[in-house]
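Since the structure comes first, as C-alpha cells, the remarks are kept for the end.
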Amino acid sequence: MSRIPFLLVRTFDPGETLASLEDRFLRHLGKLHGVDPFADDEVRERIEPEAKNAPMIRIADRHRIRRRIKRILKARDAISGFGRQKVEDRARLEKLHDGVRLVSIVSEAHADEIAARLHGEFPWCDPASESVWWSLRRSVHDGLPGVRLEPLLLDGPPGIGKSAWARYLGKLLGTPITEIDAMNASASFGIGLAPTIPDLPDAAPATQPWSITG
C-alpha cells in the first residue's frame, strides 16, 4: 500500500528518547570496556572477585553520557521545530514520522458502492455524498495512487448528522479520522457561530452565519 511523506520537516525516530539513547550509549561503552553496564556490584564481584583494576563504567561516565544525549535531543528539537510544540501535539505529529498511508479505491464500481452506502445512511446529506462519489470515481479514472477528495464544508444546525456523516465516510474508506475543535484551539483566530450580524436588517439566527475573528 502506498505511503507519502506528510511532514515537510526533518523528523527523527520518536522512539529515540532520553532513556532509550542512554541505554544504547551505555551498552556501547560497556562493549568497549568489556563490561555489562547494567550488572550490579555483587554480580561483578562474583565474576572478577580478585581484579583490583577491573574495567568499569563510572558514575561520571553515566553523567557525561546523559549530558551528551540532552545536547543531541536539544539540537534535534531545534532542527525539527518540535521543541515549540505542546507535548500532546508533538506526540500526534511524531506518528507521521514515516508518512501516511494512502487509501485507494480499486474500481469505479467500488466507488459507486461506497457512495450508495453513504447515501443510504444519510439521504439528507445527498449533495455532500454526491461530491464524494465523483471524487472517488475521478481518483480511479485518473489512476491516482490514493483517494483525492474535494474539500467540503458541511453547514447546518446541530444534530443533523454532520459529524456522524464524516465518521461514517472514514469507516467506509477504512481510514482513521481526526476531530479538531477550532473554538478550543490555541490559535490567533476562531471560527464559530455569531448570534447576529450587526447593522443589517433582519439579521439571521445563530445557526446560519459563520464568523471569523482575528
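Just give me the residues in segment 154-168 being farther than 23 Å from S104 by Cα and not acidic (D, E), in sequence order.
First, the residues of segment 154-168 that are farther than 23 Å from S104 by Cα: 154-162.
Once the filter is applied, which keeps residues that are farther than 23 Å from S104 by Cα and not acidic (D, E), segment 154-168 yields L154, G156, P157, P158, G159, I160, G161, K162.
Name every residue in segment 120-167 that is assigned to a helix (DSSP H, G or I) and among the aromatic types (F, W, Y), in order of residue number. Quick ask: steps written out before the conclusion?
Step one: of segment 120-167, the residues assigned to a helix (DSSP H, G or I) are 120-121, 123-141, 162-167.
The answer is W124, W133, W134, W165.
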Suppose we keep only residues that are out of contact with any Lys or Arg (no Cβ under 9 Å at 6 or more places or on another chain), more than 15 Å from G15 (Cα to Cα) and among the hydrophobic types (A, V, I, L, M, F, W, C) within segment 62-104. Which one would you say is surrounded by the most Cβ atoms within 10 Å (Cβ to Cβ)?
I65
Scan segment 11-32 and report the pairs whose first residue is touching a residue at least 24 places away in the same chain (Cβ under 8 Å) and under 25 Å from V100 (Cα atoms) and whose second residue is of a type in the set (G, A, S) and surrounded by 14 or more Cβ atoms within 10 Å (Cβ to Cβ), with Cβ atoms within less than 9 Å and a gap of 6+ or a chain change.
T11/S80; F12/S80
Let me spell it out: the conditions are (1) surrounded by 14 or more Cβ atoms within 10 Å (Cβ to Cβ); (2) hydrophobic (A, V, I, L, M, F, W, C); (3) more than 28 Å from S2 (Cβ to Cβ), and A128 meets all of them except one. Which number is the exception?
(3)
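Specify which of the listed residues (I114, I105, I177) is under 29 Å from S2 (Cα atoms), in contact with a helix residue (DSSP H, G or I) (Cβ under 7 Å, 6 or more places away or on another chain) and modelled with pLDDT under 85. Please lay out each step first, then the result.
Working: I114 fails: modelled with pLDDT under 85; I105 fails: modelled with pLDDT under 85.
None of the other options fit; the residue is I177.
The values are calculated or read from the model by the stated rules, or taken from the named source; none is laboratory data. All figures in this text were calculated on a predicted structure; none of them were measured in a lab. Every residue, glycine as well, gets a Cβ built from its backbone with ideal geometry; the counts of neighbours run over all protein chains shown.
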